[in-house]
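Heads up, the thing below is written out as structure tokens.
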Amino acid sequence: MENQAKIKIQNLNVYAEKQQILKNINIEIPKNKITVILGPSGCGKTTLLKCMNRLTDLYPELKVSGKIIIENKNILEAGEDIYTLRQQMGLLSQRPYPLPMTIYNNIAYALKLRGVRGNRELHKQVVKYLKQGNLWDEVKNRMREPASRLSIGQQQRLCLARGLAVNPEIILADEPTSALDPISSQYIEEKFVELKKDYTIVLVTHILRQAKRIADHVVFMYLGEVIEQGEGKEVFENPKMEKTKLYLGGTFN
Amino acid sequence: MKLRQKVEESIFKVLMILATYFILAVLGIIIYSIFEKGIKSLSWEMISQIPKGGYYYGKGGGILNAILGSLSLAFGSTVLAFIIGLPVALYINVFLIRKKKLVMLIRFLLDLVWGIPSIVYGAFGFSLMIMIGLQTSLLAGIITVTLFILPIMIRSMDEILRTVPIGLSEASYSLGSNKSETAFKIFTRQSISGIITAILLSFGRAIGDAASVLFTAGYTDNLPNSFLEPVATLPLSIFFQLASPVPEVQDRAYASALVLTLIILIVSLFSRGIGKRYHKTKINF
């Protein structure tokens, strides 16, 4: 059971018009681990993440080919039920995007999509997920206020709670702490470590120290290619490739 | 260099100030003259009665026929245009996101029909009526005015829906919403104040236009009582009163213009109020 792959990516190529953004990506993302996709800005990390829940569909200029296998199904195949697929994954983006509704409804919206019905049940679960997002104490008296009134750090925790409310198996996080203050960032990191026993987490980051703190598995990318991947400790202590060494040494960013 | 910048700055500043106050002054003069000429003829009789025989030659009565006619016509066509227009605007912005060229073509065509003068819509509506055997009536007027304001409605909503950030779409889809949920629950909420502005803009055009209703809604001294009978409208009422040789009746035309202006003002304030209430939930990015 150790290191069982949750997501297998095979020969993934992504083109944007003439430019190739991802070049022949082959990675396996282990179950119930934190996999960190590390690399300098513009190396295709975010695109790789968006391929996994097919948000790439929203960008007309992107052409995706290859295979992404989750539970024996190639999710890139036409005719896949992408709406159900996306519910298997919670997304945390670079900056929080709360929905234009109240704090309560931000969570309730996700719950309703999952099929939770009945006001009492909804309320119970909203509270549960707000607690999971460590937001409950701050918002319990302002559930009917618009989510836009929360601070950025609170909004990001709301988005995390909302992402968990769809009851996913995988959490995709795209530099989730880059817009946050140190305390909110630390909270998110700690939460990820706590969540990995139940979820498979894929974290995109360019913050080396963050990666070192929480990565179980590391994928190092540079200019659309996977340069090196392996266990976190292994990659950080004994990088095999020259580029990884340079990056870890802080020579380029 | 520094002096040049200073001179440039002050020239442009003066030009901008002049232009702004010029426009404000023109606007002020228009409103003042409507008030000045209209207020003395404006009476309870004028807004509560229909024209009596010989009204256009100075006899008693009022323009209730035109007030109610215009309101029902503008309200009807705005509702209809909204019901058709919102799905179109959402379709363009949510469903056709991968078809950039098609979207460009649709926007271009809508901008094109936006520019067509309303008299052409009137003529088109008229020939449409003949085709389906409809007489001058409230219904024919509503259909014609709906066609006339649809491009305005769609394009103004479209412009506001375009500003919904892609990150918000991603957030919605990542929770498992499908496209229509994203469209109706997320896009509309995020854009609610802009949508209300679009409705208001369309209503203003609908209630203020004379040419499109000339052949289609017709004119009558009676109150509107059926979709299939002609209705009076304020712009045409103003036209008929101004055309009268009697000075008092011409003054009543200004009073009617004042009524029209006040209706637009009230509707505008009212919808701003609604817009503000919902604006709170909008996320600012």
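The values are calculated or read from the model by the stated rules, or taken from the named source; none is laboratory data. This is a predicted model, so every value here is computed, not measured. For neighbour counting, all protein chains shown are included, and Cβ atoms are generated from backbone atoms with ideal geometry for every residue, glycine included.
Annotations for the structure displayed:
For (1) closer than 23 Å to A:Cys51 by Cβ; (2) touching a helix residue (DSSP H, G or I) at 6+ places or on another chain (Cβ under 9 Å), each residue gets a yes or a no:
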site: A:Gly163; (1), (2): yes, yes
site: A:Leu172; (1), (2): yes, yes
site: A:Pro182; (1), (2): no, no
site: A:Leu195; (1), (2): yes, yes
site: A:Arg209; (1), (2): no, no
site: A:Val219; (1), (2): yes, yes
site: A:Glu231; (1), (2): no, no
site: A:Lys243; (1), (2): yes, no
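- Failed item, numbered, when B:Leu86 is tested on (1) surrounded by 11 or more Cβ atoms within 10 Å (Cβ to Cβ); (2) farther than 16 Å from B:Gln241 by Cα; (3) not assigned by TED's automatic domain parsing to the domain that holds B:Ile196: (3)
- The helices (runs of 4 or more DSSP H) located wholly in the stretch A:92-186 that include 3 or more residues which are more than 11 Å from chain B (Cβ to nearest Cβ) and polar (S, T, N, Q) occupy A:119-132.
- Residue among B:Leu68, B:Leu3, B:Leu27 that is in a helix (DSSP H, G or I) and in contact with a Pro (Cβ under 6 Å, 6 or more places away or on another chain): B:Leu68
- Residues in the stretch B:44-58 that are surrounded by 13 or more Cβ atoms within 10 Å (Cβ to Cβ) and assigned to a loop (DSSP other than H, G, I, E, B): B:Gln49, B:Ile50, B:Pro51, B:Gly58.
- Matching residues in the stretch B:96-154 - criterion: being under 22 Å from the mean Cα position of the chain (by Cα) and in a loop (DSSP other than H, G, I, E, B): B:Gly115, B:Ile116, B:Pro117, B:Thr136, B:Ser137
- If you go through the stretch B:159-196 and keep only what is within 8 Å of chain A (Cβ to nearest Cβ) and not in a helix (DSSP H, G or I), you end up with B:Pro165, B:Leu175, B:Gly176, B:Ser177, B:Asn178.
- Residue count, the stretch B:214-246 (criterion: of a type in the set (A, V, I, L, M), in contact with a helix residue (DSSP H, G or I) (Cβ under 7 Å, 6 or more places away or on another chain), surrounded by fewer than 19 Cβ atoms within 10 Å (Cβ to Cβ) and in a loop (DSSP other than H, G, I, E, B)): 3
- Subset tally (residues that are over 21 Å from B:Leu175 (Cβ atoms) and more than 11 Å from chain B (Cβ to nearest Cβ)) for the stretch A:49-83: 11
- Given (1) touching a Phe, Trp or Tyr at 6+ places or on another chain (Cβ under 7 Å); (2) surrounded by fewer than 20 Cβ atoms within 10 Å (Cβ to Cβ); (3) within 30 Å of A:Gln88 (Cα to Cα), number of the condition B:Phe184 does not satisfy: (1)
- Within this structure, A:Ile201 fails the test of being farther than 20 Å from A:Gly44 by Cβ, surrounded by 13 or more Cβ atoms within 10 Å (Cβ to Cβ) and at pLDDT 90 or above.
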